[in-house]
1. Would you mind pulling out the separation of the Cα centroids of segment 108-144 and segment 7-31, in Å?
2. Take residue 127 and residue 3, extend 7 Å from each Cα along the Cα→Cβ direction, and tell me the distance between the two endpoints in nm.
3. Compute the helix-to-body angle for 140-151: its Cα long axis versus the longest principal axis of the chain, expressed 0 to 90° and rounded to tens.
4. Extension gain residue 137-residue 29, at 0.36 nm per residue separation less the Cα-Cα distance, in nm?
5. Using the count of nearby Cβ atoms within 10 Å as a rough guide to exposure, how do 57, 90 rank from fewest to most?
6. Based on the alpha-carbon set only, what is the convex hull volume of segment 111-171 divided per residue, in Å³?
7. Can you give the calculated 222 nm mean residue ellipticity of the chain, where each DSSP H run of n ≥ 4 adds -39,500 (n - 2.57) and the sum is split over every residue, rounded to the nearest 500 deg cm²/dmol?
8. Provide, in order from the shortest bin, the percent of all Cα-Cα pairs of segment 40-156 in each 5 Å bin, continuing until the bin that contains the maximum pair distance.
């Protein structure tokens, strides 16, 4: 084998190495994105499994829709504390959804119905609270989530137990 042949062979091998490196990089990026998505899924689920959220949800869920601040406060401080806890939780989640850290479709499947329901109950209280505090940004991402879900028709969507009744696990 002469020097020219070796040079051509080295050139071919370096080209193959570059292609393999690019393919490997693409695979790694996809795996990283999947891992990131999986971690976001887990974090979202864990955020719903603490006693404070459960207590707050139970209190706010029991309210009639559209209570203003005065009527909510008349029920006792636990109710306003629960409303603040709910608002703060969905404020954080809303920002994470907006930034793409939590995929919207995952959020919608896990929490979509809850957010619409809780926003319907708390919206007048939030507006009063914003006015009292002089801070229009309070719970802005909670409202943003509810608005996006309303636009997508979430309140009228068929429930999962009907929509996926024919689902079977993959084997």
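1. Their Cα centres are 51 Å away from one another.
2. 8.5
3. 80
4. So the extension gain works out to 35.3 nm.
5. In order of increasing Cβ crowding within 10 Å: 57, 90.
6. Each residue corresponds to 94 Å³ of Cα convex hull volume.
7. Calculated at 222 nm, the ellipticity per residue is -26000 deg cm²/dmol.
8. In whole percents, the pair-distance histogram is 2, 12, 23, 25, 20, 12, 5, 1.
The numbers here are math on the coordinates, done by the rules we state, and not lab data. Treat the numbers as computed from the prediction; the structure is a model and nothing was measured. Glycine gets a Cβ as well: all are built from the backbone with ideal geometry, and neighbour counts include every protein chain shown.
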